[in-house]
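Taking it in order: structure first as structure tokens, then the write-up.
The values are calculated or read from the model by the stated rules, or taken from the named source; none is laboratory data. In this text the structure is predicted, and so the values were computed from the model without any measurement. A quick note on method: Cβ atoms are made from the backbone with ideal geometry, for glycine too, and the neighbour counts reach across all protein chains shown.
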Amino acid sequence: MTNIEIAWIFNEIADLLELAGENFYKVLAYRKASRSLQRINAEVADLQREGRLSDVPGIGKNLRSKIEEILKTGKCTYLEELRRNVPQGMRYMLAIPGLGPSSIRLIYQKLSVETLEELEKAAKKKKIRELPGMGPKTETNILEGIKMLKSIQDCVPLGVALPLAELMVSQLTSIQGVKRAEICGEIRRGKEMVADIDLLVAATSPRDVIDIFLSHPRFKESWVSGAFQATAISLLGVKVNLKVVSPEEFAAAWFYYSSSGRHIDKLNEIAANQKYKIISKGFKSEKEKENGIIMPESEEEAYGFLGLPYIPPELREGSGEIEAAIANSIPKLITAENIRGDLHIHTNWSDGLNTIEEMAEAALKRGYEYIAITDHSRSLSVADGLSVEKLIKQFEVIKELNKKMSGFRILSGIEVDIRTDGTLDYPDEVLAMADIVVASVHSGFKQDSATINLRVQRALENPYVRILGHPSGRILGRRDPYALDLEQILETASRKGTWLEINSSPDRLDLSSYWARKAKEKGVVIAINTDAHDVSRLDDIRFGIITGRRGWLESENVINTWPLDKLLTELGGMF
Ligand SMILES: [Zn+2]
Ligand SMILES: [Zn+2]
């Protein structure tokens, strides 16, 4: 048993105590101990042998005896007892992002909700918002979380997999003897739906890392799956693969396991000319009498060995990136630092949760120069769409707010519904009053191809429409794209100068990277927006950026990398 394993046990005890409604200080004691065990340099087993356990901050008599039991027997009877006493459904609820043990406890107590199904029902019946400290936002979170959990069959959305992978990486990094831990595989390439979480660790004693990994409390099952490899299924149902290599092998393995099979196959054609073969450890010589392996020290060195510049992981799909590398024309992919604003944001004027001011402040804190407030239009009653009067009132409020802000601009926008016949939900004279108009389809998803094409084309012909929101309408794992001919839409967008959105919401990622790349090729400019309905969702921009990178986008292809004055000129030229 190592520090991290004991830390995990204490953390789980803290969760279970909190679920059971135990004393706050008792919970805190276990959390503190868990944290300090992850931080100390010495091994707990050594400290115990030397009688120095009490030196560890936060370890009193009670916890010391727990540690002694764990070290001696490999088990913790207290944890086992707690597991028996807390309904399993409540433990699964911990997998819902943003739902902590104390909220789960409250829901259990007040509504006798014990399973995920019961929780979903309670949220749908709007029972959760009646509880102290909770609101509609908690219900939305719960329903979204459960939807995500249900959508996990063969693949999980990047938005679920990436945060879990990052958590695992930070925990693996704190294990003694671990030199480096990184994400590889499909997540590193930014695929929108991933089959597994692939993790790679460089360590001096691989077996220890594997043993610790196997006992992670957030796993339902775990097993050894090869020499220095382990696999687990998380509480969420996501498959996690761990490979452990020596520090010398790390760079080659990271390069190898982050690349698609097609990418490696194509690189192998180049390597073959030099009489080498790429394997996970490096470049294996195929020359007679030579049987060494060349181990690169970095990914850059690996590509350099083949005479190529570095290829970012998002491009490693074998779809033209090697040809681009040979021609020295690998794009300079967009990064988070390039983003200067967000052009699709909702507030509590429609179905968002925060005020205009709160959204603006949150954006300012991120270093943005501008945002566009784009609440829903009048006929979208399920989302409290704005009447014309209310919209005009909102524009006035924004005007006042802008007077108070320096170096930051709130654009008054609208997400106008494209009605089933292709007309827009406000008359032109109202649209003309907005700084920016996003047009989106929110109904009639099942229209046949000819009808929906005509519908969206018609909307794009409107001179006030600047952005087509979530163009394909897909919801990952739940709803297919509409029967829209995106090829045609790109033609029109290119002719009209309309920007197409990459909606960063992790369950949308719409446009997909495939269509983003097509858009770039056609010279259509992209807007990477979050469609945030509360301040925390502004963070979703990272998923949109990853999708853009997979679509080969550079900052010049993305409108919201432009400085405010340039953007305003562009918008102003319209009217
Ligand atoms: Zn929308
Ligand atoms: Zn929206």
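What do you reckon, is Ala532 away from ligand 1 (no atom under 16 Å from the Cβ), within 20 Å of Arg466 (Cα to Cα) and under 19 Å from the mean Cα position of the chain (by Cα)?
No, not satisfied.
Quick one: would you say Gln394 is touching a helix residue (DSSP H, G or I) at 6+ places or on another chain (Cβ under 9 Å), modelled with pLDDT of 95 or more and not acidic (Asp, Glu)?
Judged against the criteria, Gln394 is a match.
When you scan the range 356-387, how many residues do you find that are within 16 Å of ligand 2 (Cβ to nearest atom) and in a loop (DSSP other than H, G, I, E, B)?
7
Among the listed residues Arg207, Arg218, Arg189, which satisfies the condition of being more than 20 Å from the chain's Cα centre (by Cα) and not assigned by TED's automatic domain parsing to the domain that holds Ala95?
Arg207
Within the range 28-40, can one find any residue that is more than 30 Å from the chain's Cα centre (by Cα), charged (D, E, K, R) and surrounded by fewer than 16 Cβ atoms within 10 Å (Cβ to Cβ)?
no
How do the pairs read when you match residues in the range 431-456 that are among the basic types (Lys, Arg) with residues anywhere that are away from ligand 2 (no atom under 16 Å from the Cβ), using Cβ under 7 Å and keeping only pairs 6 or more apart or on different chains?
Arg455/Thr420; Arg455/Asp421; Arg455/Gly422; Arg455/Gln447
Given the conditions (1) over 30 Å from Asp534 (Cβ atoms); (2) without any contact (Cβ under 8 Å) to a residue 60 or more places away in the chain; (3) out of contact with any helix residue (DSSP H, G or I) (no Cβ under 7 Å at 6 or more places or on another chain); (4) not hydroxyl-bearing (Ser, Thr, Tyr), which single one is not true for Phe283?
Here Phe283 clears every test but (3).
Determine the pairs where a residue that is away from ligand 1 (no atom under 16 Å from the Cβ), located within the range 479-503, has a partner that is of a type in the set (Gly, Ala, Ser) with Cβ atoms under 8 Å apart, the partner being 6 or more residues away or on another chain.
Final answer for the pair search is Ala483/Ser449; Asp485/Ser449; Leu486/Ser472; Leu490/Ala519; Ala493/Ala519; Ser494/Gly523.
Condition first: of a type in the set (Val, Ile, Thr) and surrounded by fewer than 19 Cβ atoms within 10 Å (Cβ to Cβ). Now tell me which residues in the range 306-335 satisfy that.
Listed by number, the residues that qualify are Ile326, Thr335.
Filter the range 169-195 down to the residues that are touching a strand residue (DSSP E or B) at 6+ places or on another chain (Cβ under 7 Å), assigned to a helix (DSSP H, G or I) and closer than 21 Å to Leu236 by Cβ and list them by number.
Result: Val169, Leu172, Gly185, Glu186, Ile187.
What pairs come up if the first residue lies in the range 388-413 and is part of a helix (DSSP H, G or I), the second is buried (at least 18 other Cβ atoms within 10 Å of the Cβ), and their beta carbons are under 6 Å apart, counting only those six or more places apart or on different chains?
Val388/Val430; Gln394/Trp349; Phe395/Ser412; Ile398/Ile410; Ile398/Ser412; Leu401/Ile410; Asn402/Ile410
Give the residues of the range 444-467 that are of a type in the set (Ser, Thr, Tyr) and either loosely packed, with under 14 Cβ neighbours inside 10 Å or part of a helix (DSSP H, G or I) (or both), sorted by residue number.
Hits for the range 444-467 are Ser449, Thr451.
Any residue at all in the range 513-523 that is within 15 Å of ligand 2 (Cβ to nearest atom) and modelled with pLDDT of 95 or more?
Checked the range 513-523: no residue is within 15 Å of ligand 2 (Cβ to nearest atom) and modelled with pLDDT of 95 or more.
Within the range 468-502, work out how many residues are more than 16 Å from ligand 2 (Cβ to nearest atom), β-branched (Val, Ile, Thr) and either surrounded by 19 or more Cβ atoms within 10 Å (Cβ to Cβ) or under 23 Å from Lys191 (Cβ atoms) (or both).
Within the range 468-502, residues that are more than 16 Å from ligand 2 (Cβ to nearest atom), β-branched (Val, Ile, Thr) and either surrounded by 19 or more Cβ atoms within 10 Å (Cβ to Cβ) or under 23 Å from Lys191 (Cβ atoms) (or both) number 2.
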